[in-house]
Amino acid sequence: MKTIIFTGDSHTCGESADGFVADDARLGYDPKGLGVGRYSPASAGGYTNLVYNHLCTVTGSAFSELNARQLADIYGLDILEDNAVIKEGITLNGDCDCIQIMLGLTAENSQITFIADGKEQQYTLSTPRPRFGRWSFKWFSFNSSKLTILPKDNAYVSFVRFCSGEWTCINSGVGSCNSEYFKDNFIPFNVEPFKADIIIAEAHSINDWLSGCTPEQYCDRVVALLHKLKQHTEMLYLMTVAPILGPQALPFNKHDYRLFVSASRRAAQMCSVPIIDAGGAVEDVINKLSPEAARGYYNDNWHLLQQGHQIYADAIIKELDKIL
């Protein structure tokens with residue numbers, strides 16, 4: 001199957017879209033921890049899911065998903081903090097071409113063997129710094145309709161996806177993460193394990209702005225990030241971020257936020273990376289509205305509600321339809 005990887009920050013995770021549950025407080029969220037972001041289930045309305053659903057419609061691809069509790073019901077497994085606990089091994093079977101599994105990792109080493117198409121892959125899994133309470137989460141993908149999971153101790157499964165057809169998508173978004181931190185820490189964790197045919201990288205403009213850097217420093221960060229992402233795909237897009245509401249400058253960063261959006265476009269041009277101007281598409285919509293009506297597209301000053309995620313998805317779909 002061909003694979004699209006979405007990278008970015010909390011917008012990519014699906015924050016504030018319909019069906020997305022914000023549970024940072026319960027999990028003890030550590031923005032410096034490693035692992036994919038809070039996951040937007042297949043039933044949620046984040047822009048990555050909207051794009052995947054469109055791909056399924058136009059290409060005949062398909063996917064289904066089991067969460068931890070559904071998996072536990074089917075296989076008689078225990079639940080630990082919303083993860084299904086595999087103690088003795090299970091075999092997943094699906095009418096599919098690819099099985100994707102999200103595992104929960106802790107700071108303790110855990111040995112696990114996957115068997116797909118008769119081939120064994122052994123891993124020693126852990127995280128140097130958990131991102132959600134004691135957990136970090138990581139996707140694994142296998143081009144097979146059958147996957148056996150054999151843990152030496154325990155394996156902790158959050159979600160399983162069964163994918164078929166021409167295309168599949170993997171959400172590797174990381175909330176509260178700036179460009180430099182993503183480049184230095186998350187590409188090995190969230191991008192390298194997969195053979196991406198396309199990477200759609202949402203710019204980390206807001207989090208870089210919040211980090212206190214200048215627009216020039218931000219442009220350099222994006223250039224470095226794009227150069228590194230290019231090493232892992234033949235087709236890379238940079239997607240701009242929506243405008244923010246409220247103050248366009250902060251006490252700790254006097255530079256206007258809009259300069260960071262412009263710097264994203266400049267970095268993409270410097271790297272010869274095509275732009276998906278989702279941010280511009282949102283701006284076109286809200287500029288025609290009153291301030292009160294524009295706020296109806298946002299959960300707060302920068303996280304888009306469902307109608308905003310739809311604008312993001314439409315901008316991506318417009319570009320992807322040119323190559324499908």
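The values are calculated or read from the model by the stated rules, or taken from the named source; none is laboratory data. Because the structure is predicted, anything quoted here is derived from the model rather than measured. Quick reminder, even Gly has a Cβ in these numbers, built from the backbone with ideal geometry, and neighbours come from all protein chains shown.
Structure above, values below:
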quantity	calculated
Test: V160 is part of a strand (DSSP E or B), closer than 18 Å to P193 by Cα and among the aliphatic types (A, V, I, L, M)	yes
Subset of segment 128-180 [aliphatic (A, V, I, L, M) and closer than 20 Å to L80 by Cβ]	I149, L150, A155, V157, V160
Enumeration of residues in segment 21-40 that are farther than 21 Å from L210 by Cβ and either modelled with pLDDT of 65 or more or in a loop (DSSP other than H, G, I, E, B) (or both)	V21, D23, Y39, S40
When residues of segment 199-234 are limited to those that are among the aliphatic types (A, V, I, L, M) and under 14 Å from I275 (Cα atoms), the one surrounded by the fewest Cβ atoms within 10 Å (Cβ to Cβ)	V223
Tally, over segment 41-76, of residues that are hydroxyl-bearing (S, T, Y) and in a loop (DSSP other than H, G, I, E, B)	2
Boolean, L55 is of a type outside the set (K, R) and surrounded by 19 or more Cβ atoms within 10 Å (Cβ to Cβ)	yes
So S272, is it assigned to a loop (DSSP other than H, G, I, E, B) and of a type in the set (G, A, S)	yes
Any chance I244 is crowded, with 21+ Cβ neighbours inside 10 Å, within 21 Å of the chain's Cα centre (by Cα) and not small (G, A, S)	no
Tally, over segment 131-176, of residues that are over 30 Å from V58 (Cα atoms), crowded, with 23+ Cβ neighbours inside 10 Å and of a type outside the set (F, W, Y)	4
